[in-house]
Amino acid sequence: MRKSIALLSLAGASLLLSACGSSGLFNRARPDEFAVQRQAPLVVPPDFALTPPAPGAPRPVDSSAAQQAQDALFGPAAPRSSVESSVDAKAGLAAPSIRSTVGDPATATVYKGAVTRDIIAAPQGDGREAQVSIGG
């Protein structure tokens, strides 16, 4: 009788511990419910003499939910002003290997002085020194 109680308690304990595992019936890949979006409804065009789209061109009516939300919040891209366009034209294009050129130890740099070095190496503060109180 004692052996059967010990065997039953051992089986019960192993059954309870098996529920703590992370694999099994309840650990399956589930779809992300926030990544689901509605498909655009099918529409029959009124004019059947339409030209087919160019191969590889994006579909004009399909856009993701994220793009639709961004368009609703921020609107279309604003046109660039003449000043911004001229600055962009004068700036030109950076060399494709600019990151590796700047990080190269042989690249000549300008010594800005000890003050700049101290500012860059200064520890981050809690911001109290930058606060201003106006008496009133």
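Dipole of segment 58-115 computed with +1 at Lys/Arg Cβ and -1 at Asp/Glu Cβ about the Cα centre; of A65, L93, A78, farthest Cα towards the positive end is L93. In order along segment 9-15, the phi-based Karplus estimate (6.51 cos²θ - 1.76 cosθ + 1.60, θ = phi - 60°) of 3J(HN,Hα) comes to 5, 5, 5, x, 5, 5, 5 Hz; Gly and Pro are listed as x. Model label sites at T109 and A69, defined 7 Å from Cα along the beta-carbon direction, differ in position by 4.1 nm.
We did not get these values from a lab; they are worked out from the coordinates using the rules stated. Keep in mind that this is a model prediction, so the values were computed, not measured. Using ideal geometry, Cβ is built from the backbone for each residue, glycine included, and neighbour counts are taken over all protein chains shown.
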